[in-house]
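Notes follow once the structure below has been shown.
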Amino acid sequence: MPNEITLTIETSMFNDHELDHLTRQLQTEILTLDVDRVDRVNGAASPDGTRSGPAVTPNELAIALIPEQVTSLIFKAQYWLKRQQQSVEAMLLKISVGTKIFPIRITDSEPKLKFFASLMEKAMEVPTAIGTPTGTLMEKLRQIKIEGPTDFATNIDLYLAGEKHANSNIH
């Protein structure tokens, strides 16, 4: 099932019209990745009494994709950013997954981008079955049930070293 992320172009070098044009270019590039969809993000509602629909935000895209497509998206976005022929500090792409924001710069190394991709994939993971543990790592660990001899916790070192043996009928 696709997840939705937001990609934002941040720069102070362009007016809204130019930024809108850049966003459309990036949208076209991302669509070559065969993601589920790439939409412009709606901005503020039109004033009452006007006939136009809501305006789009000139620098934001909503992208529906599966976690396996995140790495391709990140590298495609950075490649697009490098081709814009702006100074290194002039533009920044921000990819938002839920409340987490990942900045992508022209100067980011491949290992850093791959690390961001793995973090984004983790942030996009959703429980696949009813009853899948959610919460912190400790909460998940507390849900693990282990059946063993009554003295297992007390004598764990002896069991691990092979000096004590559990009955074979314990499940």
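Which order, highest average first, do 11-17, 110-116, 73-79 follow once you tally other Cβ atoms within 10 Å for each residue and take the mean per peptide? Kindly include the intermediate steps, with their values, before the conclusion.
Details: 11-17: 11.0, 110-116: 13.4, 73-79: 18.3.
In descending order of packing, they fall as 73-79, 110-116, 11-17.
In summary, no aspartates and glutamates lie within cross-link reach of residue 145, defined as a Cα separation below 12 angstrom excluding same-chain residues under 8 places away.
Extension gain, residue 157-residue 105: 0.36 nm per intervening residue step, less the Cα-Cα distance, totals 13.7 nm. The simple Förster model, with R0 at 25 Å and r as the Cβ-Cβ distance, assigns residue 118 and residue 83 a FRET efficiency of 0.50. Residues whose amide H lies under 5 Å from that of residue 104, counting only those 5 or more places away or on a different chain, are 93, 94, 95; hydrogens are built 1.01 Å from N in the peptide plane. Taking R0 as 25 Å, what FRET efficiency do you get between residue 6 and residue 136 from their Cβ-Cβ distance, rounded to the nearest 0.05? Efficiency, from the Cβ-Cβ distance: 0.45. In the structure shown, the pairs 76/114; 112/140; 76/112; 76/122 are assessed against 23 Å; a Cα-Cα span above that value is assigned to 112/140.
Every number here is computed from the coordinates shown, using simple stated rules; none is lab data. Quick caveat, the model's predicted, so the values are computed rather than measured. When we count neighbours, we look across all protein chains shown, and the Cβ atoms used for this are built from the backbone with ideal geometry, even at glycine.
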